[in-house]
Amino acid sequence: MNGNGSPMEEDLNNRTFNPIVDLYEKKLSSLIGVLSKFIVRRQYGKLIGSAPATLDLDKAEMLCESIIGDASILIGEERARMLEDELKRITEEHFKEAGKHG
Amino acid sequence: MAERKGTHVAGLDELIGGGFPEGTVNLVTGPPGSAKSLMGIHYVFNGVNVDGDTGIYLTLEESRDSITRAASAYGMDLNSLEKEGKLYLIDLGKMRMECTSSEELEWGLASFETLQDFLRNHIAFSGAKRLVLDSITAVGVYYKTGELFRRELFKFARFLKESGITSLLISEVTSDGDSRYGTEEFVADSLIKLDYESASGEYRRTLRVKKMRFTKHDPLKHPFLIMESGMEVSPDEVIG
């Protein structure tokens, strides 16, 4: 934190991220470049606050929705809908894989 | 001879050889309320409707609602074009509003570097041929010195030219009538100055094409009106 306690004001560049967050960032990056980092990390920070960096399926879905909300401003609603489908697929695959291993 | 991207603003293309040469970076300046944004709206809206060019209108300060309302007042429905995927109205200002100043600066949200990176990706998937950036004055806050701003603007303009998109950058002017950072006009291929003046109790809007590379243009000052369908320049009438 940098003083006022808001998770949004944390040093987002230096946080440790959940693997699924990295996946979201990569997927978005091909559409909007470095702004993907800003959107994903900012929404992630808002969602988890200062809690340990873990995401269950529910939280991952909430994160997806927030990311899509921000992304639709930049890439238009139609493409945002396509992105939403891709993020949902990534999320399902991630948790299916996580389930297999543990 | 490069293809021209007509503004299709009544009377303007006559002054600039039919439009902006394809792949050029063009600058429109003027004081607040001089119709700079309206000219930008015409440029992207008419680009889609008349020439079938996909367009991007990237606003850094004015809200999306403000732009769509202004357009709609002159019969230009931007929302419909967006739904058809022919126009992207991008409100980066909304994202900036949600950040603290320090966060915005840390991320360089609307710096030339970020815009370049964003546009490179966007142009690739949208196939956009026209861009309006409203305004580059807002980008200046990221640079501590005029020299740094100039260098980054130069790189940004070069990127735009290499990408093939024909851009219209909007810039505010100081009370002296100069561009805010004093360098924008050197980097751009063309400069259109919008203004208003009062003469004999009459209030007139004026337009002057001060510079246009690759084009035999009319450098005189012409009056323009804002009518029901937007801007109308009088190419046959000259002021002073």
query: Across peptide B:112-122, what mean number of C-beta atoms from other chains lies inside 10 Å of a residue's C-beta?
result: 4
message: With the crude spin-label approximation of a point 7 Å out along Cα→Cβ, what separation in nm comes out for residue B:154 versus residue B:101?
response: 3.0
- prompt: Under the definition of Cα pairs under 8 Å and six or more residues apart, what whole-number percent is the relative contact order of chain B?
  reply: 29
- prompt: Once you average over the residues of A:70-77, how many Cβ atoms of partner chains fall within 10 Å of each Cβ?
  reply: 5
query: In debye to the nearest 20, how big a dipole does chain B give about its Cα centre with +1 on each Lys and Arg Cβ and -1 on each Asp and Glu Cβ?
result: 520
statement: Taking trypsin sites (Lys or Arg not before Pro) in a DSSP loop with at most 14 other Cβ atoms within 10 angstrom as exposed, one finds the longest site-free stretch of chain B at B:1-143
- line: Under a Gaussian network model of chain B whose springs join Cα atoms within less than 10 Å, the largest fluctuation of B:46, B:121, B:79 belongs to B:121
query: Per the 1.4 Å probe, what fraction of the accessible area of the protein assembly as shown, in percent, lies on carbon and sulfur atoms?
result: 49
- line: Of the candidates B:207, B:58, B:17, the farthest towards the positive dipole end of the protein assembly as shown (Lys/Arg Cβ +1, Asp/Glu Cβ -1, centred on the Cα centre) is B:17
task: Would you be so kind as to identify all helices of chain B, as entire DSSP H runs, whose Cα atoms reach 15 Å or more along the helix's own axis and whose mean Kyte-Doolittle hydropathy is at least 0.0?
output: B:36-51
task: Give the shape of chain B as rounded, prolate or oblate, defined through the alpha-carbon gyration tensor: a ≥ b ≥ c are the square roots of its eigenvalues, a/c under 1.5 means rounded, and otherwise the shape is prolate if a/b is larger than b/c and oblate if not.
output: rounded
query: Do any residues of segment B:89-104 lose at least 40 Å² of accessible area when the full set of protein chains is present rather than just their chain alone, and if so which, with a 1.4 Å probe?
result: B:95, B:98, B:103
message: Per residue, how much accessible surface does the protein assembly as shown expose to a 1.4 Å probe? Answer in Å², no decimals.
response: 46
- prompt: In the neighborhood of residue B:85, defined by Cβ-to-Cβ distances under 11 Å, what is the net charge if each Lys or Arg adds +1 and each Asp or Glu adds -1?
  reply: -1
field: Calculated FRET efficiency for the pair residue A:100/residue B:174, C-beta based, R₀ 51 Å, to 0.05
entry: 0.20
message: Can you find, among B:132, A:87, A:76, the residue sitting farthest towards the positive end of the charge dipole of the protein assembly as shown, where Lys and Arg contribute +1 and Asp and Glu -1 at Cβ?
response: B:132
- prompt: In Å², nearest 100, what accessible area do chains B and A bury in total when the solvent probe is 1.4 Å?
  reply: 2000
query: Which one of B:89, B:148, B:235 has its Cα pushed farthest toward the positive end of the charge dipole of chain B, where Lys and Arg give +1 and Asp and Glu give -1 at the Cβ?
result: B:148
- prompt: Suppose every K and R has +1 on its Cβ and every D and E has -1 on its Cβ; what is the size of the dipole of the protein assembly as shown about the Cα centre, in Debye to the nearest 20?
  reply: 700
task: Please average, across the residues of A:32-43, the number of beta carbons from any other chain that are within 10 Å of each residue's own beta carbon, and give a whole number.
output: 5
- request: Find how much the distance from residue B:236 to residue B:113 grows on full extension, using 0.36 nm per residue of separation minus their present alpha carbon separation; answer in nm with one decimal.
  value: 40.1 nm
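The values are calculated or read from the model by the stated rules, or taken from the named source; none is laboratory data. Keep in mind that what you see is a predicted model, and the values were worked out from it rather than measured. Note that each Cβ is placed from the backbone with ideal geometry, even for glycine, and that neighbours are counted across all protein chains shown. For the accessible areas, the whole protein counts, side chains as well, though only heavy atoms, and no ligand, DNA or RNA atoms are used. Shrake-Rupley method; radii C 1.70, N 1.55, O 1.52, S 1.80 Å.
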